[in-house]
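Here's the structure, in structure tokens; my notes come after.
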Amino acid sequence: VSRDDIERVYRERYVGFRNALVTVTGSSDAARDAVQEAFARALRNADQFRGEAPLEAWIFRIALRTALEARQANSEVPLHDALDPTLPEPDRDPQLAAALRELSPRRRLIVFLRYFADLSYSEIAAACEISEGTVAASLAQAKSALLEALERNEVTT
Amino acid sequence: MMDAGDRLLAERFAALADPLDDSDWLDVRRRAGDRRGRTWLVVAIAAALAALVVGSAFAYYADVIDFFGAEKAPRETVEFFESFATGVHSDFDPGGIPGETRRFEVTGLNGEQRTVFVAPTKTGGHCHFWERFSGGCVRAGMPLEFSYGRGLVTGSVNARDGASVELRYPDGSVVEPPITWISPPIERGFFFHMSTEQQAPTAIVVLDDDGEVVTEQQLAVGP
């Protein structure tokens, strides 16, 4: 993969990656730093990209690991076990924040990757190391659960 | 196909997403430790030496300078930039935005500094004026532009292509002047170097991250 390819992904995906990572880091500055560092690592290790997954997903995985390293100072923790992504600034939409809390951490991550990072199903699958079918099923169930929770909360408030 | 539920969720998440684009590709490249990273070290050392001499702090040169955060140019400089478009056919108007002219201090190899005023153009290029020397406008993406006179070379390189600059001399010696990088919308690095009158450089070479030649310009300097 060339430096131009990585730069293209950076210019197209920077904002989405940062917004998705805020859910992991809890801070916009930390998320920005993780994205910057991840793309720098991608540049340094471009020869390790095998093309088995979309480049966007490969870089996002680096970004996720970078964010977790910064948060936990432990790169050996399996990604899914270490993740507990949450909506930044939950007060801005408390009902959505509450609905998201009812989802498992992995489903929350998939939702954030879809809606904040704007990743496709195949990119999410590669980023989370799961099948595309699992992404589709997880998103369908997550959306259904979110809409149900939002409706429930809006009825009770 | 997006259904009503999808749309509702997409709208709620979009309302929470931070639209600010604070991306900085130059910072990524610097973190990646490319040749520019080593340039920062050279600049830092030069700045440290200069600080010992004049007691000033040059540490900020270790970073890309934010264009819009830089000091605005004085009125007379803005008017000078405005004159670039005065009386010229629209085809030759460089499209500069004089009201956005900023002032930058560029550090040389020995810690000396020169002032360059820089303004973006409407088409992604820039106009510049090196104080008490020369000026002009450059289209977007031009790998190298430079001026030479009385032993002084001033110039700039496109940050997307170049990582360092070499001045090559007839005796085989090479000088790598420090580069002061300026953020978008300029996205270029500015440099200068004063040679002795006895020995002028014969070529200016721009190198990329891997040390490969991006472009090489010969200087037609008389004896």
Can you go through B:ALA140, B:ALA119 and tell me which one is touching a His at 6+ places or on another chain (Cβ under 9 Å), without any contact (Cβ under 8 Å) to a residue 60 or more places away in the chain and surrounded by fewer than 18 Cβ atoms within 10 Å (Cβ to Cβ)? B:ALA140
In the stretch A:7-23, is there at least one residue being closer than 18 Å to B:VAL28 by Cβ, among the basic types (Lys, Arg) and within 13 Å of the chain's Cα centre (by Cα)? yes
Tell me, yes or no, whether the stretch A:69-85 has at least one residue that is in contact with a Phe, Trp or Tyr (Cβ under 9 Å, 6 or more places away or on another chain) and closer than 24 Å to A:ILE130 by Cβ. yes
For the condition among the aliphatic types (A, V, I, L, M), farther than 19 Å from B:LEU8 by Cα and open to solvent by 10 Å² or more (accessible area, probe 1.4 Å), what is the one hit in A:ALA140, A:ALA145, A:ALA126? A:ALA126
With respect to A:ILE110, is the statement that it is open to solvent by less than 50 Å² (accessible area, probe 1.4 Å) and touching a Cys at 6+ places or on another chain (Cβ under 7 Å) true? yes
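Checking the condition hydrophobic (A, V, I, L, M, F, W, C) and assigned to a loop (DSSP other than H, G, I, E, B), which residue from A:ALA53, A:ALA20, A:ALA31, A:ALA42 passes?
Among A:ALA53, A:ALA20, A:ALA31, A:ALA42, only A:ALA53 is hydrophobic (A, V, I, L, M, F, W, C) and assigned to a loop (DSSP other than H, G, I, E, B).
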Filtering the stretch A:1-36 for residues that are of a type in the set (A, V, I, L, M), over 15 Å from A:LEU68 (Cα atoms) and more than 10 Å from chain B (Cβ to nearest Cβ) leaves a count of 2
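The values are calculated or read from the model by the stated rules, or taken from the named source; none is laboratory data. The shown structure was predicted, so the numbers you read here are calculated from the model rather than taken from an experiment. Glycine gets a Cβ as well: all are built from the backbone with ideal geometry, and neighbour counts include every protein chain shown. These area figures cover heavy atoms from the full protein model, side chains too; ligands, DNA and RNA do not enter into them. Shrake-Rupley method; radii C 1.70, N 1.55, O 1.52, S 1.80 Å.
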